[in-house]
Structure formats: structure tokens, C-alpha cells
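Trainee: Before I ask anything, here is the structure I am working with.
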Amino acid sequence: MPLPPTLKIIEIFASVQGEGTRRGEPMVFVRLAGCNLKCKFCDTKYAWQGGRSLSSAEVLEKIGAIRRRFPADWVCLTGGEPLRQDVRELVSLLKKKGLRVQVETNGTFYRPLAADWYTLSPKPGKYFFQPAYRKKAKEVKLVVTRQLEFRTVQKLRKEFPQQTPLLLQPQSNRRWSIERSLKLLKQSLSAGLPNVRLSAQLHKIFKFR
């Protein structure tokens, strides 16, 4: 009898969402292994390789054990790049349990999932993303690197409906990046770009995981 398909999992843990418009919300995080981009500024490089092979049922069991002491209603699939792996079965099982699912993705892969919330974070240099995210993304997050230019903010703002917020997130809350983020925000205001916001990494400010 063939073994069930498995996912490469780095870690499963309880915390509070530190990024995006869901900041401050209790969640169980499932960090999947592997990334196709490997950005220099990545703050989870330990997720690029390795991981433990677990079936979707085993992941669900571990989430259940965590929720007995931390009964969060949301599960966040993150990475690495979680959509490098086929998470359709896992998402289906989570939904059957009545849980809500957030997916944090760089957008280079798209899988039809029953996810409740896609956080799209396109990355340099081309900031490519699959076209399906124009409608699927609930928010678009840009890490403000030294290379991020206003013309990129302009271009990406035009790619999404006005009600989809475009978030300027300083790189690891560094001072130079905060200043650059503020400059880009002011440029956005002056140019009349709608729904561009300043964001931050709450977990790094409060020093939690």
C-alpha cells in the first residue's frame, strides 16, 4: 500500500500575526521548507532547506494539539515559499475542521486552494506574480529594500483593485528602511495613489516569535 504524500515542514507553532493587516491576531503557523527566490534580505533563511516529512493528517494532528492550549481560529501557511509544495489536502482538512487559512506567498506559484486570505509579497528584481493574485490577494506587501523605487510602487498599485491595500514594510524594522518607507509613502500620497499604507513587523517590536 503506497504511503500518503508528505510535506516538508520546518516548524509548527503558536504566535500572533506580526505582519500585514491581520497584525495582532492569534494564529497557528505552519512553516514549510524551501524557497525558489532566496532573497538576500530574508529573515527566515533557515527555512530554505531541510524540514521534517509529515503527512497532511500529521500536520493537522499537531495543529490540534497546539490549539488545545492556544485555541486560535486561524492557521497561517508560510515559509520559505509554502506554495512550492502541494498544500491542497492540508488546506482542505483545515477547512473541514472549521479553521480559517491564511497563505503568505511571493506569488510565483499559484494553486487553487480554499484559503480565506492570501498575503501576496512580490519580490525583486522583477516583482513577478501569477495573474490570479490580482483578484485573490487580500493585501500586497512590499519589503522596502534599498533597491525599491517609487516607480515599482506605482506599477504594483495599478495591478490591483483599489480596495486591496498595498503595504510598505520596512526591512526588519531597520531605521534606514523606515525612512525610505516614509519617503515612498509621501510620494504615493503626492501622486494620488490610493490605499498605500505603512506597515511594520510587530513580532520584532514586541520580541515574540
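Trainee: Among the numbered criteria (1) under 23 Å from Ala115 (Cβ atoms); (2) within 21 Å of the chain's Cα centre (by Cα), which one does Phe41 miss?
Mentor: The number of the failed condition is (1).
Trainee: Looking for whichever is out of contact with any strand residue (DSSP E or B) (no Cβ under 6 Å at 6 or more places or on another chain), free of Cβ contacts under 8 Å to residues at least 24 places away in the same chain and of a type in the set (A, V, I, L, M) here; the options are Leu189, Leu202, Leu156. Which one fits? Steps first, answer last, please.
Mentor: Values: Leu202 fails: free of Cβ contacts under 8 Å to residues at least 24 places away in the same chain; Leu156 fails: free of Cβ contacts under 8 Å to residues at least 24 places away in the same chain.
On inspection, the qualifying residue turns out to be Leu189.
Trainee: In the set Leu60, Leu54, which member is outside any helix (DSSP H, G or I), of a type in the set (A, V, I, L, M, F, W, C) and on the phi < 0 side of the Ramachandran plot?
Mentor: Leu54
Trainee: Then there is this: Name the residues in the range 98-124 that are of a type in the set (Val, Ile, Thr) and touching a helix residue (DSSP H, G or I) at 6+ places or on another chain (Cβ under 7 Å), would you?
Mentor: Listed by number, the residues that qualify are Val101, Val103, Thr105, Thr119.
Trainee: Another question about this same structure. Please list, ordered by first then second residue, the pairs with beta carbon atoms under 9 Å, 6 or more apart or interchain, first in the range 119-144 and without any contact (Cβ under 8 Å) to a residue 40 or more places away in the chain and at positive phi, second surrounded by 21 or more Cβ atoms within 10 Å (Cβ to Cβ) and in a loop (DSSP other than H, G, I, E, B).
Mentor: What qualifies is Tyr127/Gly107.
Trainee: With assigned to a strand (DSSP E or B), crowded, with 21+ Cβ neighbours inside 10 Å and touching a strand residue (DSSP E or B) at 6+ places or on another chain (Cβ under 8 Å) as the only criterion, which of Leu94, Leu77, Leu90, Leu83 stands out?
Mentor: Going through Leu94, Leu77, Leu90, Leu83 in turn, the sole match is Leu77.
Trainee: Kindly provide the set of residues from the range 171-209 that are within 14 Å of Arg157 (Cα to Cα), in a helix (DSSP H, G or I) and in contact with a helix residue (DSSP H, G or I) (Cβ under 8 Å, 6 or more places away or on another chain), ordered by number.
Mentor: Leu184, Gln187, Ser188
Trainee: Do you know which residues across the range 35-51 are among the hydroxyl-bearing types (Ser, Thr, Tyr) and not in a helix (DSSP H, G or I)?
Mentor: The one that is among the hydroxyl-bearing types (Ser, Thr, Tyr) and not in a helix (DSSP H, G or I): Thr44.
Trainee: Mind listing whichever residues of the range 88-113 are aliphatic (A, V, I, L, M) and under 21 Å from Ile66 (Cβ atoms)?
Mentor: Once the filter is applied, which keeps residues that are aliphatic (A, V, I, L, M) and under 21 Å from Ile66 (Cβ atoms), the range 88-113 yields Leu90, Val91, Leu93, Leu94, Leu99, Val101, Val103.
Trainee: Can you list residue pairs whose Cβ atoms sit under 7 Å apart, with the first residue in the range 13-31 being more than 12 Å from Val103 (Cβ to Cβ) and part of a strand (DSSP E or B) and the second being at pLDDT 95 or above and acidic (Asp, Glu)? Count only pairs 6 or more apart in sequence or on different chains.
Mentor: Between residues of the range 13-31 that are more than 12 Å from Val103 (Cβ to Cβ) and part of a strand (DSSP E or B) and residues that are at pLDDT 95 or above and acidic (Asp, Glu), the close pairs are Val16/Glu25; Arg31/Glu11.
Trainee: Now, a different point. If we scan the range 28-51, do we find a residue that is touching a strand residue (DSSP E or B) at 6+ places or on another chain (Cβ under 6 Å) and farther than 25 Å from Pro170 by Cα?
Mentor: Looking for residues that are touching a strand residue (DSSP E or B) at 6+ places or on another chain (Cβ under 6 Å) and farther than 25 Å from Pro170 by Cα, one finds at least one in the range 28-51, hence yes.
The values are calculated or read from the model by the stated rules, or taken from the named source; none is laboratory data. Quantities reported herein were computed from a predicted structural model and do not represent experimental measurements. Neighbour counts run over all protein chains shown; Cβ positions are idealised from the backbone, glycine included.
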